């Protein structure tokens, strides 16, 4: 029975729990109080893309394909020829280098769709899946062979520290790296940072990049 939405789990841990149960073909039985659950919990339990991975008619259970201790990669073949991939971070403490990934067969183009509420998007990529995954959290993707030529390249932004804490005592510096993991060049890329009212963000270096070749960082 799922523990999604119960006390003791963060929103990120609930997301990881749902992702793992879905890729493992486990029965999705809600174990929380459905009468009082917030909208965020309902969104996690009913995300159509994640549930579709669990309910895929081929019935193939996901498997762990990489284990680096507290970092794991899980994959499940789907009936339409695609695959679901989960990147899991089991580290108990926050780290600045939470960047994990796996490589698909080289020389091919793929459509990559991130299966998470709010950040869902499709992009073309050339074989590398990467994501910054916070402590006790996970990221799920759907990988489909063959990407349309007009599909935007997969761009992954890495920030260090992963979750910066800003105080009124002074300035907080955040280092950002932009990766082009798509099969095509990235052109005229620009980076901006939104801040709450009364706060400001000042770039320390250039904020644009004319061209970034596939597999190359833009910054």
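The values are calculated or read from the model by the stated rules, or taken from the named source; none is laboratory data. None of these values were measured; they are calculated from a predicted model. Backbone-built Cβ (ideal geometry, glycine too); neighbour counts: all protein chains shown.
Descriptive notes on the structure:
- Verdict on residue 190 being within 20 Å of the chain's Cα centre (by Cα), loosely packed, with under 15 Cβ neighbours inside 10 Å and either at pLDDT below 75 or over 29 Å from residue 11 (Cβ atoms) (or both): no
- Selection status of residue 86, crowded, with 19+ Cβ neighbours inside 10 Å and in a helix (DSSP H, G or I): no
- Selection within the stretch 40-55 - free of Cβ contacts under 8 Å to residues at least 24 places away in the same chain and under 18 Å from residue 141 (Cα atoms): 46, 48, 52, 55
- Subset tally (residues that are assigned to a helix (DSSP H, G or I), in contact (Cβ under 8 Å) with a residue 40 or more places away in the chain and either over 25 Å from residue 77 (Cα atoms) or over 20 Å from the mean Cα position of the chain (by Cα) (or both)) for the stretch 1-39: 0
- Candidate set: the stretch 134-151, residues that are assigned to a loop (DSSP other than H, G, I, E, B) and buried (at least 22 other Cβ atoms within 10 Å of the Cβ); chosen: the one modelled with the highest pLDDT: 137
- Residue check for residue 181: within 20 Å of the chain's Cα centre (by Cα), closer than 18 Å to residue 132 by Cβ and at pLDDT 70 or above: yes
- Look at (1) touching a strand residue (DSSP E or B) at 6+ places or on another chain (Cβ under 8 Å); (2) part of a loop (DSSP other than H, G, I, E, B) and you find that residue 75 fails only one, number (2).
- For the stretch 113-133, a residue qualifies if it is part of a loop (DSSP other than H, G, I, E, B) and either in contact with a strand residue (DSSP E or B) (Cβ under 8 Å, 6 or more places away or on another chain) or at pLDDT 85 or above (or both), and the qualifying residues are 115, 116, 120, 121, 126, 127, 133.
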